[in-house]
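Participant: I'd like to ask some things about the structure below.
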Amino acid sequence: MRKTLILALLAVVGLGLVALGAPKISSDTMSYDFGTVLEGTVVSHTFVLTNSGDTALSISGVQTTCGCTTAALAKSTLAPGESVDLTVHFNTAHYQGQVQKTVYVRSDDPATPQLTLSLAGTVTKLQPYQVSAGDLSDLYYLLIDLRGADAYAAAHLMGAISIPNDQLAGWLDRLPKESLIILYDADGSLADQAAQMMNGEGFPAAKSLAGGFQGWKAAYGDKYVVSSEDTQ
């Protein structure tokens, strides 16, 4: 009888230990107040997710409400005590007033299978004469003059920067891969080759100006052309 009682007691203790062994998801903060921003501002915040339990935690998914995106998690399985960054981006374009956006993190935490995080703040309306950083980013393009420094100084398209063709390769690590890049030289021949080279180097939006600077002048004359005479 005594032996049976001891075995039963051990079984109960064992079950209790099993119950205690579980993953537990937590975050360094549950909400982020981004204050007051202009419409079109992209708000970013990084939440730090931690497994504060005593067995491995598996994160099965992250879901956001409209207007938010999240960067991919570096890892989806966390050992006890391990953490991972969850970066959330919220594009405030077309929002005004008090705004709250929610992020849901699903995991195998038995107590909190869905962790709810949020970003909140106030979005103010842009004035007619203003443009948001987000809109500028969408519209942004880079115009590159591949001709020599003397030809560029004599006349070039307004807004173009000078990067002679033989120096272009050295600039690739400084140019934005996600933006439209338009290259031109005298007649378009070098720019065609340069655009194809950049496409192969991970610049899918790099283009050449057909006909080059001469083609532009033939079609539009001095429209948008800055000459050395203009700077004197």
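Participant: If you average the C-alpha positions of region 132-168 and of region 172-222 separately, how far apart do those two centres end up, in angstrom?
Facilitator: Here the two parts' Cα centres lie 10 Å apart.
Participant: List, in order, the whole-Hz ³J(HN,Hα) value for each residue of region 33-43 obtained from phi through the Karplus relation with A = 6.51, B = -1.76, C = 1.60 and θ = phi - 60°; use x for Gly and Pro.
Facilitator: Computed from phi, the couplings for region 33-43 are 9, 8, x, 10, 9, 6, 3, x, 5, 9, 8 Hz.
Participant: Now, a different point. Distance between the C-alpha centers of region 92-119 and region 37-84? Whole Å please.
Facilitator: 10 Å
Participant: If you don't mind, there's one more thing I want to ask. Could you calculate the contour length gain from M197 to S76, that is, 0.36 nm times the residue separation minus the distance between their Cα atoms, to one decimal place in nm?
Facilitator: Fully extending the segment from M197 to S76 adds 39.8 nm.
Participant: On the Cα set of the chain, report Rg and Dmax in Å, please.
Facilitator: 28.8, 109
Participant: Say R0 is 22 Å: what FRET efficiency, to the nearest 0.05, do A120 and V48 get from their beta-carbon distance?
Facilitator: So the FRET efficiency works out to roughly 0.75.
Participant: Also, quick follow-up: Return the distance in nm (one decimal) between the two label points of a simple spin-label model at D173 and Y141, each offset 7 Å from Cα along Cα→Cβ.
Facilitator: Taking the two extended label points, one gets 2.9 nm.
Coordinate-derived values only; no laboratory data. If you're wondering where the values come from, they're calculated on a predicted model, not measured in any experiment. In this analysis, Cβ positions are derived from the backbone assuming ideal geometry, glycine residues included, and neighbour counts consider all displayed protein chains.
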